[in-house]
Amino acid sequence: MTSPTLIYVITILILICVNSIAALGFNLQFAEAGIVNLAYIMLVAVGAYMTGIAAVGPPPPGDLVTHYIGGFQWPFPWDLLFGIACAVAFALLLGLVALRRLRHDYLALALVSILQGMQILVGTNTRLFNGITGITGVPAPGGDLPLLQSQLVFLGVAVVCLVLTYTFLSRITRSPLGRVLKAIREDEEAAASLGKYTVLFKLTAFAVGGGIAGLSGGLFAMYAGGWSSTAWLPQEGLILLASVIIGGRGRNLGVVVGTVVTVGLIQQLSGFLPLPQGLSVTILPQLQVMLLGALIIVFLWLRPEGILPEQKERFEKISLDPVPAVSAAVGAGAGHPSDTRQS
Amino acid sequence: MLFTGHVTWDQFFLLLGTGIVDGAILAPACLGFSLQFGITNYVNFAYGEAMTFSAFMAWVFGVEKFHLGFVQYVLVAGLITALGSLLIGALIYTPFYNRRPQLLYLLVLTFATALILAALYVIIWGEAPHVLAYPDGASNTHYIGPFLVTNIELIFIAISVLILAGIYALLKYTTLGKIMRAMSDDRSLATVCGLPINLVSNATWFITGFLGGIAGVVLGLHSYGFDTTLGDGFVYLVFAAVIIGGIGRSLGAVVGALIIGLVFELSSLIVGSALTPVAVFAVLVLIMLFRPEGLLGSTGRSAFSRA
Amino acid sequence: MSSTPPRAHALEVRNLSCSFSGLQAVRDLSLTLEPGSFVGLIGPNGAGKTTLLECISGHNRKYAGRVFLEGMETTKWPPHKIGGMGVIRTFQVARPFAKLTILSNLMTGPRHQKGEALIPAILGNWHAEQREHLRVAWSWLQRFELEAAGDSYGGQLSGGQERLAELSRAMMAEPTMLLLDEPFAGVSPVNRMRLAEYLKKVSRERSLTVLMVEHRLEFIERLCSRVVVMAEGGIIADGQMSEVKQDKRVLEAYLGVV
């Protein structure tokens with residue numbers, strides 16, 4: 001394999017890893033806990049910006065154009081961890097305001113409204129993160145190595161992060177916590193009647209999802225060497241939504257498969273297809289957005305559970321002593337539930 | 001003095017006037033969005049795209065091709081947008097709703113639709129700014145009381161008042177309006193009563209599309225040069241206003257629009273014009289914390305009631 | 001607190017009023033329940049029975065008046081706090097979690113599970129406790145002959161099975177009090193008898209307090225030591241079924257209608 005081809009393949013693999021991480025975090029919020037956070041990309045942006053300003057140095061003296069907060073020059077992985085921590089904090093704050101009492105559709109609306117406003121605030125109106133230009137020169141681990149090696153190092157980092165995220169999330173989704181989150185998604189009122197403090201559960205999912213968003217954002221910023229307001233437009237969030245809907249919401253493996261489809265097939269390979277006559281290459285991103293959107297709609301219509309549907313929870317079958325059914329047990333007093341109560 | 005620093009009463013009244021104008025521009029859009037939600041149960045994230053589309057239609061009919069007069073191109077753009085809204089509503093939204101999907105998929109559907117449309121607009125119209133044709137003397141100014149306003153701003157207010165009055169009359173006095181209100185109050189009851197649900201849903205898509213369309217043209221005129229992101233940059237104010245007023249409430253939408261318009265302009269006196277989104281968020285956050293059903297929202301169960 | 005009632009009451013409702021959409025559903029209602037009593041709540045449609053239940057369970061918090069559970073004031077507490085203290089309600093239309101299996105449904109029941117917190121969920125040290133819960137869950141399925149359905153989704157059950165699953169889920173929470181809203185509606189005749197016997201047995205064994213809204217008077221008569229009759233948001237009769245049956249107002253308001 002020639003070197004440019006190899007590097008291209010590595011690039012695709014890195015993008016699949018980082019996008020998978022982001023989509024897994026979105027899946028936790030959206031599919032497990034039922035929080036329709038269409039502004040998830042904002043949490044990715046928090047991680048990216050904060051990782052960026054932790055990693056780079058302050059603007060050079062005499063540069064009157066560049067302005068951003070931070071500039072700590074922290075080495076890897078501290079910059080990334082800082083980004084994650086900030087994303088968790090931001091998600092907690094946002095969740096405390098929005099998750100407490102809002103109905104799910106109000107919540108979605110409020111979050112998208114906040115995303116659009118944040119875009120204007122951070123991207124154009126203020127210079128907290130250097131306005132529309134954003135943060136540049138974010139170093140990546142192994143960035144000073146020759147191209148092929150540095151790409152391989154970053155792929156290694158991305159794969160490790162993906163494996164960690166995947167394991168972490170699988171433990172949550174298979175635990176009683178994951179079960180309660182699904183119960184809240186299905187019927188919040190009924191879950192509350194069983195004594196579940198639904199707000200706290202949703203907040204947990206929101207914050208954990210936020211941290212994972214932050215991780216993916218930090219990796220994005222490192223890999224691209226920077227982050228600006230065009231990196232977190234709502235359409236950037238669409239690819240994550242598409243990954244989850246297409247791959248299979250509520251199933252971590254499905255989300256990764258979905259990301260392979262969206263990033264590998266649609267985002268990358270579509271670039272090799274011949275364009276219809278009279279259309280220029282510059283509209284390719286727009287065509288991809290339209291394709292992703294159309295796929296989401298088609299899947300919602302025909303196969304809302306996605307390629308790999310959510311799995312049923314598996315329990316071991318416990319063989320009990322034969323207990324007569326209730327009708328026969330009247331008066332016998334051999335009630336199993338009361339015998340085995342645990343409190 | 002009302003404010004510290006160098007703010008004069010002139011500035012204050014200027015911003016107050018601008019805030020009222022902003023509110024007037026927002027109000028039809030908020031009303032349309034709110035009606036859509038109340039009647040069809042769709043939170044329509046593509047509403048900003050309807051506005052963008054209409055502004056471009058106004059450009060096509062007023063500037064690019066047909067050079068229609070002001071009133072004509074406003075109406076034509078509004079009607080074409082209404083037809084587009086009806087088309088998407090009747091072909092995608094209503095049938096999808098009738099398949100009884102999980103409610104959160106409704107949100108995903110309109111979100112995806114919004115991004116598809118936004119991408120399509122970039123393909124068609126590119127990213128360069130476009131400017132609409134203005135009627136003669138549009139920027140002439142008058143003093144009305146303490147307020148300094150331009151002619152075009154007076155036109156915006158007139159359009160807004162006309163539309164609000166029209167919708168009020170529609171909801172209050174026509175059969176269609178009465179069914180719309182019945183569906184908004186209790187969709188399942190309206191279904192059981194044998195009301196023509198689908199027909200009224202589609203009528204709603206048409207009417208609210210018209211509202212969004214007019215709002216889009218006005219917005220395009222107001223921003224003196226716009227591109228395909230016109231609606232996106234504006235629609236978050238619509239969302240915020242509707243939540244503040246009480247989602248699904250017609251009067252609430254109008255009240256929310258005025259509040260947001262005033263907050264948006266007046267807050268620049270205190271926090272500077274760069275941070276006005278922060279002021280809007282602050283109001284939004286206060287509402288979410290203390291009155292999540294909105295100022296005029298129903299006082300029924302808010303936390304758990306199902307759409 | 002001077003307002004704390006004697007500990008003896010399992011439930012005390014004082015001057016509760018609740019209205020929505022301009023309709024007064026409950027008006028100035030007061031009611032006390034003794035621990036371990038099985039009380040039936042009957043009345044014509046629209047009498048306010050479900051609303052009363054919802055006010056007690058915290059699902060409706062827009063009411064005036066006060067509520068005490070086990071001697072503690074729970075006025076306007078949110079539902080999770082009331083559920084958390086072991087006062088568990090079921091719904092008028094059974095509400096199993098549709099996309100969870102029946103067994104998973106039951107496993108959401110136990111209160112304050114170890115693995116529900118983030119850190120233990122990650123560490124995974126909840127399996128022993130879960131095994132205990134699982135034993136109980138299987139025994140409930142066995143009891144209501146739902147074992148075969150254990151792996152089906154909550155949304156796939158028949159109406160009667162839904163009820164039984166919902167009740168089992170409630171029982172998994174080890175309740176001290178049950179608020180049952182028409183538990184027999186939609187249940188097949190055979191399972192109805194089973195359910196009745198079971199409710200009787202379990203409420204005695206665990207000295208559960210039960211407040212049950214039900215239209216089928218045969219079950220009220222069979223299970224309840226006391227019957228409260230509501231009409232137009234207020235209590236019009238309260239006592240044993242035999243007494244209540246004789247009450248003229250009850251006959252007018254309720255039995256006459258049926």
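A few comments on the model shown:
- In nm, spacing of pseudo-spin labels at B:Asn151 and B:Lys65 (7 Å Cα→C-beta vector): 2.8 nm
- Peptide C:131-141 has a mean of 5 when you count, residue by residue, the C-beta atoms of other protein chains within 10 Å of its C-beta.
- Calculated over the range B:96-163: convex hull of Cα atoms, volume per residue (Å³): 194 Å³
- Inter-site label distance for A:Ser319 and A:Leu269 at 7 Å from Cα along Cβ, in nm: 4.9 nm
- Extension gain (nm, one decimal) between A:Val159 and A:Leu145, 0.36 nm per residue minus Cα-Cα: 3.2 nm
- Put simply, the convex hull of the Cα atoms in the protein assembly as shown casts, on average, a shadow of 44.1 nm².
- Local electrostatic count, A:Pro234, Cβ distance below 14 Å [Lys/Arg +1, Asp/Glu -1]: -3
- GNM flexibility winner over chain A from A:Asp63, A:Asp144, A:Asp79 (Cα, springs under 10 Å): A:Asp63
- Alpha-carbon centroids, the range A:1-60 and the range A:272-315: separation in whole Å: 19 Å
- In the protein assembly as shown, the DSSP beta bridges split such that about 65 percent are antiparallel, to the nearest 5.
- Working value for the range C:11-255: equivalent-ellipsoid semi-axes of 32, 21, 16 Å, each the square root of 5 times a Cα gyration tensor eigenvalue, largest first.
- Shielding value for B:231-238 is 4, the average number of Cβ atoms from other chains within 10 Å of each residue's Cβ.
- Look at the dipole of chain B built from charges on Cβ: of B:Ser223, B:Val21, B:Met51, the Cα furthest out on the positive end belongs to B:Met51.
- Take A:127-134, B:226-233 and order them by the average number of nearby Cβ atoms within 10 Å per residue, most first; the result is B:226-233, A:127-134.
- Taking amide H as placed 1.01 Å from N in the peptide plane, the amide H of C:Ser188 sits under 5 Å from that of C:Gly160, each at least 5 places away or on another chain.
- On the beta carbon distance between A:Leu64 and B:Val271, with R0 = 22 Å, the FRET formula returns roughly 0.40.
- Cβ-based exposure ranking for B:Tyr93, B:Tyr121, A:Tyr8, in which fewest neighbours within 10 Å come first: A:Tyr8, B:Tyr121, B:Tyr93
- Max mean-square fluctuation residue, GNM over chain B, Cα-Cα springs under 10 Å, options B:Ala24, B:Ala58, B:Ala282: B:Ala282
- Modelled this way, with points 7 Å down the Cα-to-C-beta line, the labels at B:Val278 and A:Gln73 are 2.9 nm from one another.
- Proximal charge balance of C:Glu221 [Cβ under 11 Å; K/R count +1, D/E count -1]: +1
- The range C:1-108: relative contact order in percent, alpha carbon pairs under 8 Å with at least 6 residues between: 26 percent
- Sites C:His112 and B:Phe290, calculated FRET efficiency, Cβ-Cβ separation with R0 30 Å, nearest 0.05: 0.50
- Residues B:Val60, A:Val289 arranged by fewest to most Cβ contacts within 10 Å: B:Val60, A:Val289
- Label zone at B:Asp186 (point 7 Å along Cα-to-Cβ), backbone N below 20 Å, the range B:246-276: B:248-250
- Cα gyration tensor category, rounded, prolate or oblate, for the range C:71-122 with a/c compared to 1.5: oblate
- Per-residue [θ]222 nm for chain C (sum of -39500 (n - 2.57) over DSSP H runs n ≥ 4, rounded to 500): -10000 deg cm²/dmol
- Shielding by partners - mean other protein chain Cβ count within 10 Å, residues of B:278-285: 4
- Chain A: C-alpha gyration tensor shape, a/c 1.5 cut-off, then a/b vs b/c: prolate
- Were the residues from A:Leu200 through A:Thr230 laid out at 0.36 nm apart, the gain over their Cα-Cα distance would be 7.5 nm.
- Using the Cβ-Cβ distance between C:Lys245 and C:Gln24 with R0 set to 22 Å, the FRET efficiency from 1/(1 + (r/R0)^6) comes to roughly 0.20.
- C-alpha center-to-center spacing [the range C:132-171, the range B:157-190] in angstrom: 47 Å
- Per-residue HN-Hα couplings for the range A:145-160 [Karplus 6.51, -1.76, 1.60; θ = phi - 60°; Hz; x = Gly/Pro]: 7, x, 3, 4, 4, 4, 5, 5, 4, 5, 4, x, 4, 5, 5, 4
- Residues B:Val7, B:Val242, A:Val260, sorted so that the one with the fewest Cβ neighbours within 10 Å comes first: B:Val7, A:Val260, B:Val242
- Dipole magnitude of chain C about its Cα centre (Cβ charges: Lys, Arg +1; Asp, Glu -1), debye to nearest 20: 260 debye
- DSSP bridge analysis restricted to the range C:11-255 gives an antiparallel fraction near 55%, rounded to the nearest 5.
A short reminder: the numbers here are calculations on the coordinates, not readings from a lab. The structure presented is a predicted model; accordingly, all values stated were derived computationally and were not measured. FYI the Cβ positions are ideal-geometry reconstructions off the backbone, even for glycines, and counts take in every protein chain you see.
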